[in-house]
Amino acid sequence: MDGRTSTFRSIALNLLRIVAGLLFMQHGAMKLFGALGGVDGEGGTVPVGSLFWVAGVLEVFGGAAVVLGLFTRVVAFVLSGEMAVAYFKAHLPRGFWPIENGGEPAVLFCFVFLFLAANGGGRFSLDGVFRRGRARLGDEPARVEVRSAAMALAIAVSALGAPLTAQTGRSGDPPAADATPAAPAEAAAADTEAAAPTAVGAVTGARAPSNPAETEAFRAWDAVYETFRRGYREADADAVAAVYADDAFYLGPGRDVVRGRPAILETFRPFLEGAPAGTYDVTFEILAREVADDLGYEVGFYDLRVRKPDGEGRSRGKFTVVWKRGADGAWRIQSDTYSGVGED
């Protein structure tokens, strides 16, 4: 009876580890590769180097390590901590009960990984194989655990350091001067009198701020949009580029990634400089926005109007912006990704 119970516990532990790891990997695959519909239901991914990208790296590679049972205790402990942080930062502000704030998966993953951190990967795991192999060679189990922990920590540190190295590459080539303008960073307009009174024309699906920090951040972002719009309307490329962080990313369809504020300035200068004031105007419709400490994101539509000699042109597109608060306390755009959905 005891033998059968022990076998059942071992099988159940390994099944829990494998299933939890596979489910966790799905979340990372959506963020990093746009799998299973991606983050927007249309195959979208999160910006490289963002906080959500770091979470995706942990979910894909940490989940794979859990499935394999490799360095299970330490990796599971790190993932449990990730889920705890995600719950308290992203879910708890929306309501106390997990069923109200959508945090049940985060809570379950947190405690499942905490259980695995306490119990290990089980007999049918790579940790178990290595441990049995070491035992046959006369190595001390404690030394195996120490080495495993050190290697797992090195993997975690490497994953967290990846966003920093991703931002050090060469700037991409700026788009052509006659390229179609972008989203919150390129879009155009028409009659100044007919334009919307504010840059953020609507906040349709986005939730209202739930605390003073969110209120302050959302107001600051709206003020940046106003500065951006004013730069467009006055054909001031320097004012437009000033809303981006020094190491910002600017990503448009069919063009190279533009990195850094100087390179971003050169994408706006060709079509803004020399244009009469009022040639361009742009407004934004925010669908979702979130903030956590010094990072945040927004998803929405831009509406670009351009006054042409033969009439008025208009285009509309989708955008995702990652915000970052600098050491000076000012919010700037860290990553700006957009795609057009049609022109008039």
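Worth a mention:
- Number of residues in segment 296-344 that are among the hydrophobic types (A, V, I, L, M, F, W, C), more than 23 Å from Pro262 (Cβ to Cβ) and surrounded by fewer than 18 Cβ atoms within 10 Å (Cβ to Cβ): the value is 1.
- Count of segment 268-284 residues which are of a type outside the set (Lys, Arg), over 15 Å from Arg307 (Cβ atoms) and surrounded by fewer than 18 Cβ atoms within 10 Å (Cβ to Cβ): 2
- Pair list, Cβ < 9 Å and 6+ apart or interchain, from segment 238-250 residues that are farther than 19 Å from Pro270 by Cβ to residues that are hydroxyl-bearing (Ser, Thr, Tyr): Ala245/Ser335; Asp247/Thr168; Phe249/Ser335; Phe249/Thr337
- Some residue of segment 117-125 being over 30 Å from Ala248 (Cβ atoms), at pLDDT below 80 and surrounded by fewer than 20 Cβ atoms within 10 Å (Cβ to Cβ): yes
- Per-region count, segment 14-73, residues part of a strand (DSSP E or B) and within 20 Å of Leu116 (Cα to Cα): 0
- Enumeration of residues in segment 97-114 that are assigned to a helix (DSSP H, G or I) and either in contact (Cβ under 8 Å) with a residue 12 or more places away in the chain or at positive phi (or both): Ala106, Val107, Phe109, Cys110, Phe111, Val112, Phe113, Leu114
- Extreme residue, farthest from Val224 (Cα to Cα), among residues of segment 274-315 that are over 23 Å from the mean Cα position of the chain (by Cα) and outside any strand (DSSP E or B): Asp310
- When restricted to residues that are touching a strand residue (DSSP E or B) at 6+ places or on another chain (Cβ under 8 Å) and surrounded by fewer than 16 Cβ atoms within 10 Å (Cβ to Cβ), segment 227-246 contains 0.
The values are calculated or read from the model by the stated rules, or taken from the named source; none is laboratory data. These figures come from a predicted structure and were not determined experimentally. Backbone-built Cβ (ideal geometry, glycine too); neighbour counts: all protein chains shown.
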